[in-house]
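Below: one structure, written as structure tokens.
The values are calculated or read from the model by the stated rules, or taken from the named source; none is laboratory data. Please read these numbers as outputs of a predicted model, since none were measured by experiment. FYI the Cβ positions are ideal-geometry reconstructions off the backbone, even for glycines, and counts take in every protein chain you see.
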Amino acid sequence: MSTSNERYALALHGGAGAVAGRNYDSVEQHLKKLATDCEALLAAGQSALDVVEVAVTELERSGLYVAGRGSAPNTAGYVELDASIMHGPDRKAGAVAALRDFINPIRVARGVMDKTPHVLLAGPGAGAFARKNSYEAVVEPGNYYVLPVGVTADELLDSNAHGTVGAVALDQSGALAAATSTGGTFGKLEGRVGDTPLIGPGTWADDTIAISCTGTGEQIIRSGGAVSIACAYKSGVTLEAAVQDMLDEVQRLGGDAGVIAVTHETAIATLYNSDGMKRASVSTAQALRVTTFA
Ligand code: ASP
């Protein structure tokens with residue numbers, strides 16, 4: 001918590017795929033350090049957009065989560081990566097889907113936003129864009145990808161098992177941004193794309209709210225996901241109720257999910273209907289909180 005007069009807020013998640021009874025101490029330590037570092041960036045006046053990109057870049061590199069280095073292969077035996085980023089003030093957005101073998105899909109997503117007229121590049125086209133713009137590639141996929149913390153080899157075939165990373169932030173200028181990245185659900189078919197790279201269901205930022213979702217992507221997409229929360233919040237529904245309504249809809253459709261959201265007024269929501277969600281949050285109004293199940 002800062003003593004500055006300027007307001008900011010940050011929330012991070014490491015996925016709603018946490019399994020009750022498992023130990024996530026190392027993940028929580030990582031989230032604590034990352035949230036502290038990112039808070040310092042916001043306190044120093046960095047933009048929400050840069051901070052969510054920095055946060056997700058580190059989450060992807062760590063190998064602790066089902067994103068970037070910790071991604072699991074699809075049923076054809078190789079990793080496909082999804083990521084998206086959105087900037088609230090101008091609604092600019094960029095995303096990649098089914099991208100193969102780049103260290104930081106979120107950076108490529110930011111590149112799509114900054115360097116192309118498009119929002120989403122997928123498959124070989126996303127790879128060609130990443131190569132052309134010299135994003136860091138995975139040289140030896142067989143040696144690079146690792147099993148994330150709390151995931152067993154058996155679960156790699158279980159399509160209900162999943163994980164994702166995300167970050168949402170409000171900066172001192174009042175701008176909001178959101179970013180999300182995933183290796184997808186385990187046991188997914190080749191070419192399967194979930195909610196994470198979709199601006200609307202998986203990631204959303206506008207003038208009043210920034211949201212990153214995690215959970216079973218098919219049900220998140222069918223629920224409307226993040227943008228349905230934003231619409232409800234703008235219409236006057238409280239933040240908690242807006243998030244809970246979306247989670248209830250995901251559950252009714254047979255899935256589970258977690259959501260992190262921050263508002264232009266520094267309110268933070270971190271809610272889920274799975275066993276747990278690895279997460280951290282801090283703002284000028286709230287001391288750092290890091291937890292998985294509580
Ligand atoms: N939503 C992600 C997907 O369906 C997975 C997750 O968040 O755990 O690809």
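Only one residue in 77, 94 is over 18 Å from residue 165 (Cβ atoms) and out of contact with any Pro (no Cβ under 7 Å at 6 or more places or on another chain). Which one? So that I can check it myself, show each step before the final result.
Numbers: 94 fails: over 18 Å from residue 165 (Cβ atoms).
After applying the criteria, what remains is 77.
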If residue 196 meets every condition in (1) of a type outside the set (Asp, Glu); (2) part of a loop (DSSP other than H, G, I, E, B); (3) surrounded by fewer than 24 Cβ atoms within 10 Å (Cβ to Cβ) apart from one, which number is that one? (3)
Please go through (1) surrounded by fewer than 23 Cβ atoms within 10 Å (Cβ to Cβ); (2) in a helix (DSSP H, G or I); (3) of a type in the set (Val, Ile, Thr) for residue 270 and return the number of the only condition it doesn't satisfy. (2)
Restricting the search to region 177-215, which residues are β-branched (Val, Ile, Thr), near the ligand (Cβ under 8 Å from one of its atoms) and farther than 20 Å from residue 282 by Cα? 182, 185, 193, 196
Is it the case, given these coordinates, that residue 232 is over 20 Å from the mean Cα position of the chain (by Cα), assigned to a helix (DSSP H, G or I) and at pLDDT 95 or above? yes
Does residue 174 qualify as being more than 13 Å from the ligand (Cβ to nearest atom), within 20 Å of residue 251 (Cα to Cα) and either aliphatic (A, V, I, L, M) or surrounded by fewer than 24 Cβ atoms within 10 Å (Cβ to Cβ) (or both)? no
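Based on this model, can you work out whether residue 227 counts as farther than 21 Å from residue 187 by Cβ and either within 15 Å of the ligand (Cβ to nearest atom) or of a type in the set (A, V, I, L, M) (or both)?
Values: farther than 21 Å from residue 187 by Cβ: yes; either within 15 Å of the ligand (Cβ to nearest atom) or of a type in the set (A, V, I, L, M) (or both): yes.
Yes; evaluated as a whole, the condition is true for this residue.
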Restricting to region 150-171, count the residues that are away from the ligand (no atom under 14 Å from the Cβ) and modelled with pLDDT under 95. 4
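Among 67, 83, 98, which is surrounded by fewer than 24 Cβ atoms within 10 Å (Cβ to Cβ), touching a helix residue (DSSP H, G or I) at 6+ places or on another chain (Cβ under 6 Å), small (Gly, Ala, Ser) and under 18 Å from residue 196 (Cα atoms)?
Numbers: 67 fails: surrounded by fewer than 24 Cβ atoms within 10 Å (Cβ to Cβ); 83 fails: surrounded by fewer than 24 Cβ atoms within 10 Å (Cβ to Cβ).
None of the others qualify; the one that does is 98.
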